[in-house]
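The values are calculated or read from the model by the stated rules, or taken from the named source; none is laboratory data. All of these numbers come straight from a predicted model, not from anything done at the bench. Quick reminder, even Gly has a Cβ in these numbers, built from the backbone with ideal geometry, and neighbours come from all protein chains shown. The area values use the complete protein model at the heavy-atom level, side chains included, leaving out ligands, DNA and RNA. Shrake-Rupley method; radii C 1.70, N 1.55, O 1.52, S 1.80 Å.
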Protein chains: 2
Amino acid sequence: MTLMYQAPLRDMCFVIDEWIDAASWWPEVPDWADLDRDTAQQVLEEAARFVEERIAPLNATGDLEGCRFEAGAVRMPAGFRESYAAYVEAGWPTFSLDTECGGQGLPQLLDVALQEMLAGANHAWLMSPGLTHGAVACLQAHGSEDIKRELLPHVASGVWLTTMCITEPQAGSDLALIRTRATPAPQNGGYFIDGSKIFISGGAHDLTENIVHLVLARLPDAAPGTKGLSLFVVPEWLEREGGGRERNGVYCEGIEKKLGLKGSPTCSMRFERAVGRLVGEPGRGLACLFVMMNAARLQVAMQGLGHAHTAWQRAHTYALERVQMRAVSTPPGVSDEPGRAAPIAWHPAIRRALMELRAIAEGERAIGYWTAHWLDVAARHSDALAREEAGQLASLLTPVAKAFFTANGFAAASNALQIFGGYGYVHEYGIEQTLRDSRVAMIYEGTNEIQAIDLLVRKVLPDASTGLGILLRHIRAEARLCGAGETRVRAVGLRLTELADDVERVTYAIKEHQATDPETAYRVADDYLVMFGWMLLSFAWARTLRIATNVDSSDPFYAEKCETAYFFFDYPLAAFAYRRALVEAGLSARLPYIAS
Amino acid sequence: MTLMYQAPLRDMCFVIDEWIDAASWWPEVPDWADLDRDTAQQVLEEAARFVEERIAPLNATGDLEGCRFEAGAVRMPAGFRESYAAYVEAGWPTFSLDTECGGQGLPQLLDVALQEMLAGANHAWLMSPGLTHGAVACLQAHGSEDIKRELLPHVASGVWLTTMCITEPQAGSDLALIRTRATPAPQNGGYFIDGSKIFISGGAHDLTENIVHLVLARLPDAAPGTKGLSLFVVPEWLEREGGGRERNGVYCEGIEKKLGLKGSPTCSMRFERAVGRLVGEPGRGLACLFVMMNAARLQVAMQGLGHAHTAWQRAHTYALERVQMRAVSTPPGVSDEPGRAAPIAWHPAIRRALMELRAIAEGERAIGYWTAHWLDVAARHSDALAREEAGQLASLLTPVAKAFFTANGFAAASNALQIFGGYGYVHEYGIEQTLRDSRVAMIYEGTNEIQAIDLLVRKVLPDASTGLGILLRHIRAEARLCGAGETRVRAVGLRLTELADDVERVTYAIKEHQATDPETAYRVADDYLVMFGWMLLSFAWARTLRIATNVDSSDPFYAEKCETAYFFFDYPLAAFAYRRALVEAGLSARLPYIAS
């Protein structure tokens, strides 16, 4: 029995409509004059139907069947080709793309909800179209007119899929070590690309008639390091002048046997006199990819959230049905039948685990969607300062969401698996697949350790007054609003103020130590990011509590939100002080090298 | 490239010889008059050679090939049959068995070292012989003379393998729900067993000519609940009087597709008029299995330790070889080459992760082996009080070791996997297999939640003066010894005293709340166990530090032990306060029920 994915539409709408209240701003944007809560909800309902009916059923089957590599080609699992065609047909790839490149121009805020659904339903399937959005943004910003005319429309519509060819065997986190070469090919104004790339998701497949590779390579006499990297667009098939097409020198040499994501081919690619075109300026390859990578990082955060939700949903359903052991205590109004085994959802250890799964998934939804909202504001607000601040916020929140959500997604899968007991370890209930699939998100698109350095070393320490300052303003404003509420809400407001003060204080302490010991920030970065994440979840639950307390409704949804918020501050938030203690330890405690 | 298992012989001998100093007691036991450090070391060296040469190479291949179920029979992966025959031939199954049943009568302390090696090298392979020891103890204590004469010798020598048939689809943690029936078969003085069992490790295989199943079932008119359970021994093949044999009514109906342990068949078994013999008294089935289950729990703890060691060893080897990114800082005496990428083992985040892997594996080794040592004392000491106290200690330590080590083993696998980056997610380096294989140990032989209840509700709360009191005496004695050392050792001694005081104080607080709110202990049990585990690791590292500081040796082994001890108290031990905070939260904070 596989428990089938159900999109958490009610909570998604709560976050968008009540927690963010996005619809009160949307009509200020010319393109969104007619966009309101009802329309947004309809879009999400349609997305949920598509995902639940077409994509979710392929999750377990895709995992079991996997991808097949035969004679240089990759065969995708049954149903992937048809469902991808339906996805393109229904216009989902163009959902949040600019109207000028054929998109529907809807908010990123709605797009991340779609991303969450796809990831929660079938992470492997999502891998194929996952890069379309970023590739379009990259080609639109940096592609030549030829590229925009000949390639972009096919990419934007989803008719051709894309890859990001960055990693090489010796160059993972360290892109300075990339060796793939690009040499000018004077006869066609293009370049020949030669080299090997590994871990290329969707490097070969049978979903589309062409695959457009974005490849980082070095031009002759390029500077060493990352400044010598340029970006090239290399289609698998080249259009011949006068019609017809010919195969480019791009070869898939094999696919990886992986822990999870078995429905997504991870390819080793060889480029051999492959014809490519330069994207952007020579030596600016990383800068061109930057937009794409940042978008990808928020998407990966949504994968963490999607897995957390799926883990919670599966474990919750199972725990209500599975009957085992006498109850130590019973829910209010329910009397125990002597000698009768109880649903395991009543047992304290399981309740605790379930509540934590829920508190994390729902808290992250608020923070993740809020980040996407700031991307919308950064792109569309009429006021330049508002755009600037929103951009800084989104840039600060993205690495936290990527690392914190993905680590929590994997932990959620493991904690949910535990609730299934022995049934969690076997394939049948699907939760072991969630464990396997979720693990990769802590590694790819920049390992979580890279995200932590991005947050602390690149974004917080250079100027804490910008991104962090803006964020703390928002958090303290929320704390003040809670301060005007009833007793328990006021207590939560005070707690939130303390957390913001703690983060600020710890940040300054790191900065101070950093001045004399430049290793400090690198020693504490991971714990700092996680501490930061717990502050964000506290913000999420404080605002949720305030809203839910103020709503005049008998809908049990709001009472459960209050229960979950109180639970969050009672239990899981203890992790904040733990991480703070680790950061403080790292300020001065030595960290040995082990030779042997 | 798979990094092949290497037994940590140096550290094993350190724990046995210096940390426990077992050899100073061994000669007091008549059977061990000649057992000394050198002999013990030779035994372990021989075990290591066997495990590294014969068992470790089958780990990846067994995982890839898996077990095959065909026509009611199970085919084991290539090499398993031959290596198991060599294991029996070399006498490893009888290693620590009583001499009276053909064993070599060596200490449990050496047996757990063998268990650790086998688990770290090839957990799936270990599953087959894993139950032999417990089955022998069970049949020796409770089997009839017939059973001892006809079955026990084959089981003890390892020529026949055994299973423990407990779980049924509706009866996992809750054995009261077991339905399998036993009806007297007057013609042969035995019983007919009918019912279905699931998750039976090694229920069918081609390693031995016979498989002896130990089956929990209900006699007619048995009491409801666990008091109605009796234990039966049910061989797959029955010896015919006058020679020859016939197939018993025991059928394997399929094997599970699991997350890991693919080289170990997890069988669904059907018993249909299967001829069995009663073991022990009717209605005392659980009591008869008790010895077996307790032995199994310490073994499972060793699996957690084995995985932690393997994770540490693999990640450490890889991190020294993998070159990526410029160094933020360099090891003492090593100068950075400008522009040159550094071994990732130099990067602070990786050093932190590596040190933590090491601190956990080595600390657990001391505690796990110490537990086995108390089993030896309980079984062999000449003084009854010493035996009694040792038994209480082992009984207290076992659930902590089982739950804490297995959770840490899985976490270690995941943390090590992260160090491999993308290479961690693919099969090649073996670490993703460690992740998959290690996860089951948190579930089977009593889930970790069951262990937590066993520790707190059954062992600590009823009488804290026995097991816990004895343990705290040992810990405080160590703290006093540290108090006589140099400054940093004294500080560690003080810290250890605080931890013992904290555990004592929290225990009394739980007991107090429990009087008015009987759910309290169940709400806090999991965090209590983990807090307890961190106290034990602190004990391990305090004693290690004291010994290493006092040794007059230029062997870098001792300097590294000191570094690791300081690291442990600086960083990972922060988890103790975190868990204490969670226990304290659970004393009074509500824990909602979620209905929807």
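Between B:R590 and A:V159, the modelled label-to-label distance comes to 5.9 nm, taking each label 7 Å out from Cα in the direction of the beta carbon. Annotation: amide H-H contacts under 5 Å for B:G190 (H modelled 1.01 Å from N, sequence separation of 5 or more, or interchain): B:A185. Heavy-atom accessible area with a 1.4 Å probe sorts B:Y566, B:Y528, largest first, into B:Y566, B:Y528.
Find the accessible area per residue for the protein assembly as shown; the probe is 1.4 Å, ligands and nucleic acids are left out, and the unit is Å². Could the numbers behind the result be given before it?
Details: 42130 Å² over 1192 residues.
Accessible surface, normalised per residue, equals 35 Å².
Shielding by partners for peptide A:170-183, expressed as the average number of C-beta atoms from other protein chains within 10 Å of each residue's C-beta, is 3. If eta is 1.567 mPa s and T is 4 °C, what Stokes-Einstein diffusion coefficient results for the stretch A:160-284, Kirkwood Rh from Cα pairs, in µm²/s? Diffusion coefficient, whole number: 88 µm²/s. Can you bin the stretch A:295-372 into rounded, prolate or oblate? Criterion: square roots of the alpha carbon gyration tensor eigenvalues sorted a ≥ b ≥ c, rounded for a/c under 1.5, prolate for a/b above b/c, oblate for the rest. In terms of gyration-tensor shape, prolate.
Quick check: from the Cα gyration tensor, does the stretch A:447-596 come out rounded (a/c under 1.5), prolate or oblate?
Values: a/c = 2.76, a/b = 2.11, b/c = 1.31.
Prolate shape, in that a/c is at least 1.5 and a/b is the bigger ratio.
Taking N as the residue count of chain A, its C-alpha radius of gyration divided by 2.2 N^0.38 Å amounts to 0.98.
Every helix of 4 or more DSSP H residues in chain B counts as -39500 (n - 2.57), and over all residues that averages to -17000 deg cm²/dmol at 222 nm.
Take B:R505, move 7 Å from Cα toward the beta carbon, and the resulting point lies 2.1 nm from the same point in each other copy, nearest first. Charged neighbours of A:V212, selected by a Cβ distance under 15 Å, balance to +1 (K, R count +1; D, E count -1). Starting from the Cα of A:R240, step 7 Å toward the Cβ, then list every residue of the stretch A:180-196 with an amide N under 19 Å from that point. What the label zone holds, given the 19 Å backbone N cut-off, is A:188. DSSP bridge analysis restricted to the stretch B:143-284 gives an antiparallel fraction near 85%, rounded to the nearest 5. Specify the angular offset, from 0 to 90 degrees and rounded to the nearest 10, of the alpha carbon long axis of helix A:37-50 from the longest principal axis of the alpha carbons in chain A. Its long axis makes an angle of about 70 degrees. Using a cutoff of 8 angstrom between alpha carbon atoms and counting only pairs six or more residues apart, the relative contact order for chain A works out to 12 percent. Label-to-label distances for B:R149 across copies, nearest first, come out at 9.9 nm, using points 7 Å from Cα in the beta-carbon direction. As a rough guide to protection, the peptides B:291-304, B:219-232, A:567-580 ranked by mean Cβ packing within 10 Å, highest first, stand as B:291-304, A:567-580, B:219-232. A simple count of charges around A:P265, restricted to other residues whose Cβ falls under 14 Å of its Cβ and scoring Lys, Arg +1 and Asp, Glu -1, yields 0. Computed over the stretch B:448-591, relative contact order equals 29 percent, with contacts defined as Cα pairs under 8 Å that lie 6+ residues apart. Among the listed pairs A:K262/B:K262; B:K459/B:K561; B:K227/B:K511, those with a Cα-Cα distance over 23 Å are B:K459/B:K561; B:K227/B:K511. Across B:M442, A:M325, the residue with the most accessible area heads the list, and the full order at a 1.4 Å probe is A:M325, B:M442. Considering the rotation that superimposes chain B on chain A, the residue of B whose beta-carbon lies nearest the axis, and that distance in Å, is B:Y578, 2. Distant-in-sequence amide contacts of B:T163, defined by a placed amide H-H separation under 5 Å and a gap of 5 or more residues or a different chain, comprise B:V212, B:H213, B:L214. Peptide A:319-332 shows a mean partner chain C-beta count of 4 within 10 Å per residue C-beta. Would you please classify the overall shape of the protein assembly as shown from the alpha carbon gyration tensor, given that a ≥ b ≥ c denote the square roots of the eigenvalues, rounded means a/c under 1.5, and beyond that prolate means a/b larger than b/c while oblate covers the rest? In terms of gyration-tensor shape, prolate.
From most to least packed by mean Cβ count within 10 Å, the peptides A:243-250, B:338-345 give B:338-345, A:243-250. For the stretch B:1-137, the relative contact order is 25 percent, taking Cα pairs closer than 8 Å that sit 6 or more residues apart in sequence and dividing their mean separation by the residue count. Partner shielding of A:450-462 amounts to 1, given as the average count of beta-carbon atoms from other chains within 10 Å of each residue beta-carbon.
Each copy carries a label point for A:E428 at 7 Å from Cα along the beta-carbon vector; from one copy to the others these points are 3.7 nm apart, nearest first. For the peptides A:21-30, A:165-174, B:552-561, the ranking by packing is A:165-174, A:21-30, B:552-561, with the highest mean count of neighbouring Cβ atoms within 10 Å listed first. Sorted largest first by accessible area at a 1.4 angstrom probe radius, with every protein chain in place, the residues B:L545, B:L106 fall in the order B:L106, B:L545. The contact residues of the stretch A:520-552, meaning those that lose at least 30 Å² of 1.4 Å-probe accessible area when all protein chains sit together rather than their chain alone, are A:Y522. Other residues lying with their Cβ under 14 Å from the Cβ of B:R480 contribute a combined charge of +3, Lys and Arg counting +1, Asp and Glu -1.
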